[in-house]
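Right, one structure below, let's go through it.
The values are calculated or read from the model by the stated rules, or taken from the named source; none is laboratory data. Everything numeric here is computed off the predicted structure, so don't read it as measured data. Using ideal geometry, Cβ is built from the backbone for each residue, glycine included, and neighbour counts are taken over all protein chains shown. Please note that ligands, DNA and RNA were not included when accessible areas were found on the heavy atoms of the full protein model with its side chains. Shrake-Rupley method; radii C 1.70, N 1.55, O 1.52, S 1.80 Å.
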Amino acid sequence: MKMGERVEWALHCCLNLAFLGPDDAVPAARLAAFHELPTAYLTKQLQALVRAGIAASVPGPRGGFRLARSPEQITLLDVVVAIEGPEYAFRCEEIRQRGPASGSSGRTQVACTIDVAMRKAELAWRQALAAQTLAEIAATVEHRYPNMPVRARDWLVVTGS
């Protein structure tokens, strides 16, 4: 499975918003500049996060985006689904029912073994993403790079004011 860069962008923006806390909002252009991303394209991802209830849009001169829920309540799966959609990555087209192997033996009445295996693997992947919160990722980053949350806050809010 390959996720688009939009997921990476959204996750990093959520992480930066988690570093800020619930009171500060950051304009999309400022979030985009932090990682040198195109503002218009990032704004679409931020709007998807708003529609999913992960981020909130704050109007006004000191407005922008902030997290709509606490980082403990946002999982990696929440962000992935907000950006990529809820559909399964694998779509069984039942090709086993075509060609000379299709026959009328009744084999096609049971679930496709490949579809079952792929859904099982995707379920494990989704469970792993659902088990990790944004707060856990933020804590790991802060442990590995103790100055990063402060640097991000200072750059996004103080410099951006």
Most fluctuating residue given options ARG151, ARG98, ARG30, as computed from a GNM of the chain linking Cα atoms under 10 Å: ARG98
How big is the Cα convex hull of the chain in projection, averaged over all directions, in nm²? 11.7
Evaluate 2.2 N^0.38 Å with N set to the residue count of segment 13-95, then give the Cα radius of gyration divided by it. 1.23
So for each of 119-127, 20-28 I average, over its residues, the number of other beta carbons within 10 Å; can you give me the resulting order with the highest mean first? 20-28, 119-127
Is there a quick way to get the dipole size of the chain? I mean about its Cα centre, with the Cβ of Lys and Arg at +1 and of Asp and Glu at -1; what is the value in debye to the nearest 20? 320
Of the accessible area of segment 33-161, with the probe set at 1.4 angstrom, what percent is carbon plus sulfur? 56
Determine the per residue accessible area of segment 50-142 with all protein chains present and a 1.4 angstrom probe, expressed in square angstrom. 64
In square nanometres, what is one fourth of the surface area of the convex hull spanned by the alpha carbons of segment 34-79? 3.8
